[in-house]
Amino acid sequence: MDILSLISRGSESQPSDPSGSVPLTSGHVVSLHPSWDVIDATKLKTFSVCMRKGFLQYILGWDSDYKNHDFIFGEAGHLAQAHLINEGYTLKAVEEAFNIFLTRYRKDFSEITDVDFHPKSPINMSNALISYVQEYREDKFEVLYTEVADKVLINEGLEVYFRLDAVLQHDNSLWVREKKFSKWRTKDWADSWQLNVQPGLYNHVLHCIAGDRQVKGVEMDGTFFYKNEVKHERAWVSPNADEMEAARWDIISLVEDIYRNIESLKLESPSQPALKSFRKNTEACFAYYNKKCPYYQICNGCSNPLRVLDNNNGEPPTGYVRKFWDPTKVDRFKPFLLPIAKVVPQMGRVRCTVVKEDNSYIKDDVCFSCSSCGTPLFGRENKCRDCMMKPIQTGVKYTNSSIPYFE
């Protein structure tokens, strides 16, 4: 299931591969865009906070025309952090990591701006890298992957994309480390991640790739920049099976809400006094540490953004550019190299061993069959799904299999 195929059902005029210039329906001011089908944690978080913000940012593709310092600082910081994880917590690795940060950062911000953006500045990043390796010098882990991306089934026919900063393991335990940089640190910072969609999705991914390893969870790894110091804090998000199932259905429900709003958008026009779909959440206008939403002026000045789009001949208003977020186009993220489940029943309770769509990753395992009905079973599945009888080993190996097995 994908958005573009969903909204084009029943319309003979819709092409199978929209390029972004084809109207949502005949004569509609909103055009289809392929990025609508790429649903990831970033989009899910935005839509969960405010559907109208998600609409303006990801459906219309309106983005601020100024350079987003927080985004660029974070991207450069993630590159530095990945180098530290891969090379070890040494002085040499710290120096190299800072140079990696600075090379990326200076592409957009010169030295003259460092004072303006302090405490999120290069000098503080240097201090952060040094203090980080000092504070966490006892870390023990083996690096599986850094900066990887792929997609995973969240429900039958529904794929969600993900991007992982680092996949680590130690003593047969597997976890994701997710890096965060901020100027704000509250006493509830650790608790704020427990129900967040991002670690919820990443825990789902871990259970789909863990195999015989124990899933430890998602390690939120925060670095906080202040005027005269840098602080670090970590928080674990390790939900049980029921909590993961609840998180999975929250994601499914949110994606379905996006689908429904796009369907209702097809019936709306610039002549309406107000846009009915993608409702505003007015409690979120100043949600982040009393920081104003970048779309506040649009929402405050116009009740129907379709009218702005129509008056500007399809272009965004002054101060914005048309730029669609697509995590599959982020250069720093490499394709994931572990098999991702094609069949995902309950989150945290069922794992699958599979091949990717191009058949590039195949996992072999000893095959078992039911002692009663002969149904093929795979891996560690301890009962037949059809008659609940225990399996017997057949001694046959299966490849290219997507049969799920239970813990």
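The listed residues are 54, 77, and the only one of them that is modelled with pLDDT of 95 or more, under 20 Å from residue 291 (Cα atoms) and of a type in the set (Gly, Ala, Ser) turns out to be 54. The sole residue among 202, 161, 132 that is in contact (Cβ under 8 Å) with a residue 60 or more places away in the chain and more than 29 Å from residue 38 (Cα to Cα) is 132. Residues of the range 92-108 include none that is surrounded by fewer than 14 Cβ atoms within 10 Å (Cβ to Cβ) and aliphatic (A, V, I, L, M). Select, from 207, 232, the only residue that is at pLDDT below 95 and over 14 Å from the mean Cα position of the chain (by Cα). Checking each option against the conditions leaves just 207. Of all residues in the range 255-274, those satisfying the criterion of being among the aliphatic types (A, V, I, L, M) and either under 15 Å from residue 32 (Cα atoms) or without any contact (Cβ under 8 Å) to a residue 60 or more places away in the chain (or both) are 258, 262, 265, 267, 274.
Considering only residues that are touching a helix residue (DSSP H, G or I) at 6+ places or on another chain (Cβ under 9 Å) and over 16 Å from residue 42 (Cα atoms), look in the range 184-203 and name the one that is surrounded by the fewest Cβ atoms within 10 Å (Cβ to Cβ).
Residues of the range 184-203 touching a helix residue (DSSP H, G or I) at 6+ places or on another chain (Cβ under 9 Å): 186, 193-203.
Among the residues that remain, those that are also over 16 Å from residue 42 (Cα atoms) are: 186, 194.
On the way: 186: 10, 194: 16.
Within the range 184-203, the match that is surrounded by the fewest Cβ atoms within 10 Å (Cβ to Cβ) is 186.
Scan the range 188-226 residue by residue and report those that are more than 22 Å from residue 74 (Cα to Cα), among the charged types (D, E, K, R) and assigned to a loop (DSSP other than H, G, I, E, B). Once the filter is applied, which keeps residues that are more than 22 Å from residue 74 (Cα to Cα), among the charged types (D, E, K, R) and assigned to a loop (DSSP other than H, G, I, E, B), the range 188-226 yields 212, 213. Only one entry of 178, 142, 138, 147 meets the criterion of being free of Cβ contacts under 8 Å to residues at least 12 places away in the same chain and either closer than 30 Å to residue 228 by Cα or out of contact with any Gly (no Cβ under 9 Å at 6 or more places or on another chain) (or both), and that entry is 138.
Answer with yes or no whether residue 265 is touching an Asp or Glu at 6+ places or on another chain (Cβ under 7 Å), farther than 30 Å from residue 128 by Cβ and crowded, with 17+ Cβ neighbours inside 10 Å. Taking the combined requirement at face value, the residue does not satisfy it.
Of all residues in the range 64-83, those that are among the small types (Gly, Ala, Ser) have Cβ atoms under 7 Å from Cβ atoms of residues that are surrounded by fewer than 18 Cβ atoms within 10 Å (Cβ to Cβ) and modelled with pLDDT under 95, 6 or more apart or on another chain, in 64/294; 64/319.
The values are calculated or read from the model by the stated rules, or taken from the named source; none is laboratory data. The structure displayed is predicted, hence computed values, not measured ones. Every residue, glycine as well, gets a Cβ built from its backbone with ideal geometry; the counts of neighbours run over all protein chains shown.
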